Amino acid sequence: MKINRWIPVLILIASILACNVPTGSTSTPVGPTTTPTITSTPGPVLAGTPFPVPQTTILLENADRLRQLARWGKGTIHQVAWRPDGRMLAVATSLGTYLFDIETQTDVRLIETGDLIWCVAFSPDGDVLASGGNDGTVRLWDVASGQEMRTLSGHAWWIEDLAFSPTGTILASGSMDRTVILWDLSNGQQIRTFSLAYQVKAVAFSPDGATLAAGSFEDHIVKLWEVASGQELHTLDGHSDLLYDIAFSPDGKTLATGSADRTVILWDVASGQEIRTMTNPALVWDIAYSPYGDTIAAENSDGTVIIWDVGDGSILLTISGQEMAGGGVAFSPDGTILVSGGSNGTVKFWDPTNGQDLQTLNYSSAVFSVAIQPHGTVIATGSFDGTVRFWDAATGQEIRVLNGHTRGVSSVAFSPDGYILASGSSDNTIILWDIGTGNELDVLNGHTNWVTSVVFSPDGSRLASGSHDNTVILWSTVTGQKQRTLTGHTGWVNSVAFSPDGTILASGSDDGTVILWDTNTGQKLQTLSGHAYGVLGVAFSPDGTMLASGSYDETVILWDVATGQVLRTLNGETGWVFCVAFSPDGSILATGNFDNSITLWDVASGQELRSLVGHTAWVLSLAFPLDGKYLVSAGEDGTVRLWGVAP
């Protein structure tokens, strides 16, 4: 049931790959002017809103009227929890909490909070749902109506785990602020606060409600307290690496703990002594007892779920098929179904006796990159789950899913004529796709580490790619062969961009520099040094005279391309700037940020025009269409959002 909190760390690393904005889309396309259409049968529409295509171009004078017009995607999965009667499953996501009805096999409700939800728990009678958010609050919801009943405020940071007492009168919340708070649910008041040395990863009541357990992340300690008095009973110290989850046995005599040290330890609750250590083949991210207490399920970092025999510590079953773990594991109340959630956006239902895959629910995976088809109606996205997806810009329908990469897709870019899509991945490859058929045209192998950014030249004859191998490669799109490898950076290359005339290539790197390259000779023209930390995103202005770069140092620098001088530094961001994009007329610069917002800047004055708020996690990619009538953004929250001037 407990989310594996180091998944966001992996997302963080992978998000560095996503900080690219496809360039060349503002250039005159080569080849036929009739854009290919996709004729395959449309797939299901993901939860969101239809897109009322705006008729007004985004300009300085109307930037203050921009608002979110549509949202596509169901959000990334963070935790799953069964209702005690087994009739409903709660799925905590980056958009809120979905309530899935087991009998009708439908999402009957999305309880949307405007905040990322890390954890959920049902009351013992199943009438109340508690959710823990990124804003540090706990909210109580009426399950039947979906209405909020109460907000509990007291934590200083996000909520990691929640647990109701067996009577349903007390709620325990564990937070990244290193505290556990006991709440009196009759009045919403705090009963008691427990402090730990490090972030609280998991909380659990014993079945009789007399004991509270809490696990601390970094020091891998578990503490047991008497609920009535608050007296500390035991400190359990047996793991050698990060602690992720804890669970009481149904009879309350044993506590199980799971850790990154690849072990599950069983503890005697009365004495605090270790009973048994079960060695796991991978990092243990989540654990759950079966209702009868004879088995334990462990969700692992390699995507498997292992069923352990509690009696002798043997492995009874290894379940494979989740591909990417991350959303917890939980037995149904009758023990006949085991459910697991994945960071690839799926919830899987398994038969715990034989590992049979019974059902899959599809939500969303973090979206790393977005690109708009020139002169067309297709929006492409690249995601953490390794897929490339095509969306109809007018309807929001997902019209095709391309599977070819074996790891996350960090960058996508359309050719200027709109007939080819390039995708770069953390599997070190680049795939060229035929837009009309969805078939692979070519696979480009040459990088020795993650491909972070891909972009076509304005005439479509070349493709540039940046990588965590610290290099930039120029490819011929005609032959698929390398034309040149550009070396000069001493850190990961996070973003590449062609100038509008195709003569200059810019590359932004973790070494804190931007290098301008002559695309014909491969010679280094200039090294732009001005950022204090790594550069995450680069983009040329439409007239090619200016370059924007966003950085870990929380600034955006506007550079004079001809001289390499700093024209202006844009300050005011409250975190890393992942990506940058100019509007087609060059008057507005959009930046995607660590604080989940999009900032619009007046390029001429350097003044902030406004902040667009909607994403519940980092904004990793941005793109304007050629006509500038909307802005599309993609984020770690697994959604694509479209912004424009309201019709």
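The values are calculated or read from the model by the stated rules, or taken from the named source; none is laboratory data. Just so you know, these numbers come straight off a predicted model, no measurement behind them. As a convention, Cβ positions derive from the backbone with ideal geometry for all residues, glycine included, and neighbour counts pool all protein chains shown. Ligands, DNA and RNA are excluded from the accessible area calculation, which covers all protein heavy atoms including side chains. Shrake-Rupley method; radii C 1.70, N 1.55, O 1.52, S 1.80 Å.
Before we move on, is Asn593 without any contact (Cβ under 8 Å) to a residue 60 or more places away in the chain and open to solvent by 10 Å² or more (accessible area, probe 1.4 Å)?
Spelling it out, it is not the case that Asn593 is without any contact (Cβ under 8 Å) to a residue 60 or more places away in the chain and open to solvent by 10 Å² or more (accessible area, probe 1.4 Å).
Give the number of residues within the stretch 488-509 that are open to solvent by 20 Å² or more (accessible area, probe 1.4 Å) and over 17 Å from Asn428 (Cβ atoms).
6
Suppose the filter is open to solvent by 20 Å² or more (accessible area, probe 1.4 Å) and either in a loop (DSSP other than H, G, I, E, B) or touching a helix residue (DSSP H, G or I) at 6+ places or on another chain (Cβ under 9 Å) (or both); does Glu103 pass it?
yes
I'd like to verify a number: residues in the stretch 58-83 that are open to solvent by 40 Å² or more (accessible area, probe 1.4 Å) and of a type in the set (A, V, I, L, M, F, W, C), how many?
2
If a residue counts only when it is of a type in the set (Val, Ile, Thr), which strands (runs of 3 or more DSSP E) contained entirely in the stretch 417-523 have at least 2 such residues?
Per the criteria, 429-434, 451-456, 471-476, 482-487, 493-498, 513-518.
Considering only the stretch 270-294, how many residues are assigned to a strand (DSSP E or B) and open to solvent by 20 Å² or more (accessible area, probe 1.4 Å)?
The qualifying residues number 6.
Can you name every residue in the stretch 295-306 that is of a type in the set (D, E, K, R) and outside any strand (DSSP E or B)?
Asp302
Being of a type outside the set (Ser, Thr, Tyr) and over 23 Å from Asp543 (Cβ atoms): is that true of Val632 here?
No, not satisfied.
Filter the stretch 553-570 down to the residues that are more than 12 Å from Thr591 (Cβ to Cβ), open to solvent by 40 Å² or more (accessible area, probe 1.4 Å) and in a loop (DSSP other than H, G, I, E, B) and list them by number.
Matches in the stretch 553-570: Ala562, Thr563, Gln565.
Considering every residue within the stretch 308-324, establish whether at least one is open to solvent by less than 10 Å² (accessible area, probe 1.4 Å), modelled with pLDDT of 95 or more and outside any loop (DSSP other than H, G, I, E, B).
yes
Can you work out which of the residues in the stretch 242-268 that are touching a residue at least 24 places away in the same chain (Cβ under 8 Å) and in a loop (DSSP other than H, G, I, E, B) is most open to solvent (accessible area, probe 1.4 Å)?
Checked the stretch 242-268; the qualifying residue most open to solvent (accessible area, probe 1.4 Å) is Asp251.
Condition first: in a strand (DSSP E or B), under 30 Å from Leu116 (Cβ atoms) and at pLDDT below 95. Can you find one or more residues in the stretch 370-378 that meet it?
The answer is yes; a qualifying residue exists.
Hey, Leu441 hits all of (1) open to solvent by 60 Å² or more (accessible area, probe 1.4 Å); (2) under 26 Å from Ile598 (Cβ atoms); (3) in contact with a strand residue (DSSP E or B) (Cβ under 9 Å, 6 or more places away or on another chain) but one; which does it fall short on?
(2) is the only condition that Leu441 fails.
Among the residues of the stretch 217-229, are any within 22 Å of Val269 (Cβ to Cβ), basic (Lys, Arg), open to solvent by less than 40 Å² (accessible area, probe 1.4 Å) and part of a strand (DSSP E or B)?
So far as the stretch 217-229 goes, no, none of its residues is within 22 Å of Val269 (Cβ to Cβ), basic (Lys, Arg), open to solvent by less than 40 Å² (accessible area, probe 1.4 Å) and part of a strand (DSSP E or B).
Go through the stretch 524-549 residue by residue and tally those that are open to solvent by less than 10 Å² (accessible area, probe 1.4 Å) and in a loop (DSSP other than H, G, I, E, B).
2
Exactly one condition in (1) surrounded by fewer than 22 Cβ atoms within 10 Å (Cβ to Cβ); (2) touching an Asp or Glu at 6+ places or on another chain (Cβ under 6 Å) is not met by Cys119; state its number.
(1)
Within the stretch 149-185, how many residues are of a type in the set (S, T, N, Q) and at positive phi?
0
Out of the residues in the stretch 386-403 meeting the condition of being in a loop (DSSP other than H, G, I, E, B) and open to solvent by less than 30 Å² (accessible area, probe 1.4 Å), tell me which one is modelled with the highest pLDDT.
Filtering the stretch 386-403 for residues that are in a loop (DSSP other than H, G, I, E, B) and open to solvent by less than 30 Å² (accessible area, probe 1.4 Å), the one modelled with the highest pLDDT comes out as Gly386.
Would you tally the residues in the stretch 328-348 being open to solvent by 10 Å² or more (accessible area, probe 1.4 Å), in a strand (DSSP E or B) and closer than 18 Å to Asp85 by Cα?
1
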